[in-house]
Amino acid sequence: MSKADTVFQVRSDGISAEGVRDQYADGKAAKVWEIFIGDKKSRTENYRNFLVKKLRENGVRRILDVACGTGVDSIMLVEEGFEVVSIDASDKMLKYALKERWNRRKESNFDNWVIEEANWLTLYDDIQHLLNGGFDAVMCLGNSFAHLLDNYGDQREQIQAIRNFERCVKPGGLLLIDHRNYDNIMNTGATPAKCIYYNSSHTTDIKTSVLYIASKPALVTLDYQISTGKGEVSEFRLSYYPHKLKVFEEILRSIFRDAPSHETYGDFKPLDRVIQPAFYIHVIKKASA
Ligand SMILES: C[S@@+](CC[C@H](N)C(=O)[O-])C[C@H]1O[C@@H](n2cnc3c(N)ncnc32)[C@H](O)[C@@H]1O
């Protein structure tokens, strides 16, 4: 059992304590996630424009989405004509992506969409057969990476996961990875409910709890409240590691040595154009061979 688990229950009922900690394994969050993100076509324009432009101007054709969840980002990219391989550790989340692929299998882009179960800690070995010299871009978006907790107090598993991401990027390719603005969440004790990714019309409230271990913030728990319509409110709980911007940038720098560029955006805008963004998005280029 991890350090954090001994003092704080992060899992929903019924989730095994062994293996990958799949916070979505009881299916509860997966089901509500579909409501939370709204219509899969309904991405915020800012996000779609930012992502597609960034990928196209870097000549990206083949993408690995390492946190595809129910498939929302991957579907958008398949529709945009990119070649996409999507992985996720949660079969409860993947089942929605698999269903969409099946429903749209007559469209050749969807027929070619590869979806597999894999875990970031073993990613490079898990997807050897799909690497083909590496992907033009690897992406881990939607505050997904922060799900990986710091079980040993030295961020070793987070570093291992980012090393795996780096190994899956081909020389000259990109990693796009994001996290919420935990510096601000720590300072204010609150999490903004607005989402820069999805145009969900369902009112969302997010209650924030922070667990400190040895006076350092070690775990943030967000209790989401989603209005499912007809006056009903559905709730689910997810836990995250509170990444500090400077530390996260330093980890990326240490893994992507000699990176020709490392850009950090706030809510998809240059940092000098946004005050206290809800999310930080890192776009880092791997050095050419
Ligand atoms: C917040 S969801 C986001 C999904 C999608 N990108 C979106 O924006 O809707 C995070 C996803 O990360 C996945 N995940 C968490 N830890 C993982 C791990 N160690 N390996 C692979 N996937 C993981 C979860 O199963 C979940 O589907």
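Taken together, the values in this text are just the output of simple stated rules run on the coordinates, not laboratory data. This is a predicted model, so every value here is computed, not measured. Note: ideal-geometry Cβ built from the backbone for every residue, glycine included; neighbour counts use all protein chains shown.
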A student applying the Cα gyration tensor rule (rounded when a/c is under 1.5; otherwise prolate if a/b is larger than b/c, oblate if not) would label the stretch 165-225 oblate
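Report, in listed order, any pair from K194/K269; K170/K269; K31/K53; K54/K99; K53/K285; K54/K170 with a Cα-Cα distance greater than 20 Å.
On the way: K194/K269 16 Å; K170/K269 26 Å; K31/K53 31 Å; K54/K99 28 Å; K53/K285 15 Å; K54/K170 17 Å.
K170/K269; K31/K53; K54/K99, as the Cα separations exceed 20 Å there.
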Whole-Hz Karplus couplings 3J(HN,Hα) for the stretch 103-113, θ = phi - 60° and coefficients 6.51, -1.76, 1.60, Gly and Pro as x, run 4, 10, 5, 6, 7, 4, 4, 6, 5, 8, 6
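Which of the chymotrypsin sites (Phe, Trp or Tyr not before Pro) found in the stretch 105-168 are loop residues per DSSP with 11 or fewer other Cβ atoms within 10 Å of their Cβ? Please report the intermediate quantities before stating the final value.
Numbers: sites: F110, W113, W120, Y124, F135, F145, Y152, F165; in loops: W113, Y152.
For chymotrypsin sites (Phe, Trp or Tyr not before Pro) across the stretch 105-168 that sit outside H, G, I, E and B with at most 11 neighbouring Cβ atoms in 10 Å, the list reads Y152.
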On a straight-distance basis, which aspartates and glutamates could pair with K106 in a cross-link, Cα separation under 14 angstrom, same-chain partners fewer than 8 positions away excluded?
E79
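How much net charge surrounds R105 when only other residues with a Cβ under 13 Å from its Cβ are counted (Lys, Arg +1; Asp, Glu -1)? Could you put the intermediate results ahead of the total?
Values: positive: K99, R101, R104, K106; negative: E100, E107, D111.
Net local charge, R105 excluded: +1.
So how do C195, C68, C140 line up by other beta-carbon neighbours within 10 Å, fewest first?
On the way: C195 19, C68 30, C140 25.
Least to most surrounded, the residues fall as C195, C140, C68.
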Partner aspartates and glutamates for K207 [C-alpha distance under 18 Å; skip if fewer than 8 residues away on the same chain]
D183, D223, E232, E235
Expressed to one decimal in nm², the mean projection of the alpha carbon convex hull of the stretch 121-261 is 10.4 nm²
Among H147, H179, H262, which comes first, second and so on when ranked by fewest other beta-carbon atoms within 10 Å?
H262, H147, H179
What is the sum of charges, Lys and Arg at +1 and Asp and Glu at -1, for the other residues whose Cβ falls under 11 Å from the Cβ of I206?
+1
Starting with the highest mean, order 98-104, 170-176 by the number of other Cβ atoms within 10 Å, averaged over the residues of each peptide.
170-176, 98-104
Which of I63, I185 has the fewest other C-beta atoms within 10 Å, and how do the rest follow up to the most?
I185, I63
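Once you order the gyration tensor axes a ≥ b ≥ c over the Cα atoms, which shape class does the stretch 45-126 get: rounded for a/c under 1.5, otherwise prolate or oblate by comparing a/b with b/c?
Working: a/c = 1.70, a/b = 1.23, b/c = 1.38.
Verdict is oblate for the stretch 45-126.
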Taking the Cα centre of the stretch 166-289 as the origin and placing charges on Cβ (Lys, Arg +1; Asp, Glu -1), which of L252, A190, A287 is farthest toward the positive end of the dipole?
A287
